[in-house]
Amino acid sequence: MSVQQYDEIGEAFEGFKSLPLMRYGEVPSFLGMVGNVSGKSVLDLACGTGFYSREFKRSGATDVLGVDISVEMIAAARESEQRDPLGVRYEVGDVAELRPVDRRFDIAVGVQCLNYAEDIAAMERMCRNIHRSLVPGGEFFVLAQKPDYRFDCHSLDKYGFRCEPTGEEIETGPRVRVTALLAPQPISIVTTAPRREVYEECLRATGFSEVEWVPLQVSEAGIREFGEDFWADLLAKPPLEMLRCRA
């Protein structure tokens, strides 16, 4: 997993959530898929600066632990916690080498997490560690690059992003360069778009069941803000996809 590119971003990562694709697509879609967290414990893997960790705590989660491999991301998350104390805990950790947690969680989430596995063995280690961290019947929710995205949404820029193949391919799938079109300086991250069967086989091999792919949606607020025509290309050729499964 590449740590340096995230350490260099730090707090600027929060700006991603203000871009149209994130604000009106990813965030409401992912929160909607996870559903009601009131009274539940949540393990937020690859939590970044803690955006979703804070959302879940505000929504009534009893215990939220955010884990990220980047020291700078966790530092930014802890600073947010100090400014606005919610009771979210954060720690530095690699999901592929995740230490046994002090309790099992009802829910685990991984937003742009499994797609950083360098090979199938690493993804299986990640999935096994996540499964071990959940109560029996607990749910795991994932958001990542769409496995079979063809890089053919030519208007993706207007949604705040650019997504391009690097021309490289590893065992899990093709490398992808994602650029957030932030002002004054765009930020690029290189990740991977694992093949659909890689996700499914790794999850099932480590004990997960009921693996279900869930499409990205656009919120009503986004339609009111920009109109339906604005979102037509994104919905026809979405670069992101979600999945859910059960331990």
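The values are calculated or read from the model by the stated rules, or taken from the named source; none is laboratory data. It should be emphasised that the depicted structure is a prediction, and the values quoted were computed from it without experimental measurement. Note that each Cβ is placed from the backbone with ideal geometry, even for glycine, and that neighbours are counted across all protein chains shown. Accessible surface is based on the protein model in full, side chains and every heavy atom, while ligands, DNA and RNA are left aside. Shrake-Rupley method; radii C 1.70, N 1.55, O 1.52, S 1.80 Å.
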task: Starting from residues that are crowded, with 22+ Cβ neighbours inside 10 Å and either in contact with a His (Cβ under 7 Å, 6 or more places away or on another chain) or of a type in the set (A, V, I, L, M) (or both), keep the ones in segment 221-242 and report whichever is nearest to ARG175 (Cα to Cα).
output: LEU240
field: Which numbered condition GLY10 misses (of (1) open to solvent by less than 30 Å² (accessible area, probe 1.4 Å); (2) more than 27 Å from ARG132 (Cα to Cα); (3) at pLDDT 95 or above; (4) not hydrophobic (A, V, I, L, M, F, W, C))
entry: (3)
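Give me a count of the residues in segment 167-180 that are within 25 Å of GLU201 (Cβ to Cβ), surrounded by 14 or more Cβ atoms within 10 Å (Cβ to Cβ) and not charged (D, E, K, R).
Residues of segment 167-180 within 25 Å of GLU201 (Cβ to Cβ): 168-176, 178.
Still in the list and also surrounded by 14 or more Cβ atoms within 10 Å (Cβ to Cβ): 171-176, 178.
Keeping just the survivors that are not charged (D, E, K, R) gives 172-174, 176, 178.
Count: 5.
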message: under 28 Å from VAL218 (Cβ atoms) and free of Cβ contacts under 8 Å to residues at least 12 places away in the same chain: is that true of GLY35 in this structure?
response: yes
- prompt: So which strands (runs of 3 or more DSSP E) are wholly in segment 24-142 and hold at least 1 residues that are of a type outside the set (A, V, I, L, M), open to solvent by 10 Å² or more (accessible area, probe 1.4 Å) and under 25 Å from VAL198 (Cα atoms)?
  reply: 63-68, 105-111
task: Scan segment 158-166 and give yes if some residue there is open to solvent by less than 50 Å² (accessible area, probe 1.4 Å), part of a strand (DSSP E or B) and among the aromatic types (Phe, Trp, Tyr), otherwise no.
output: yes
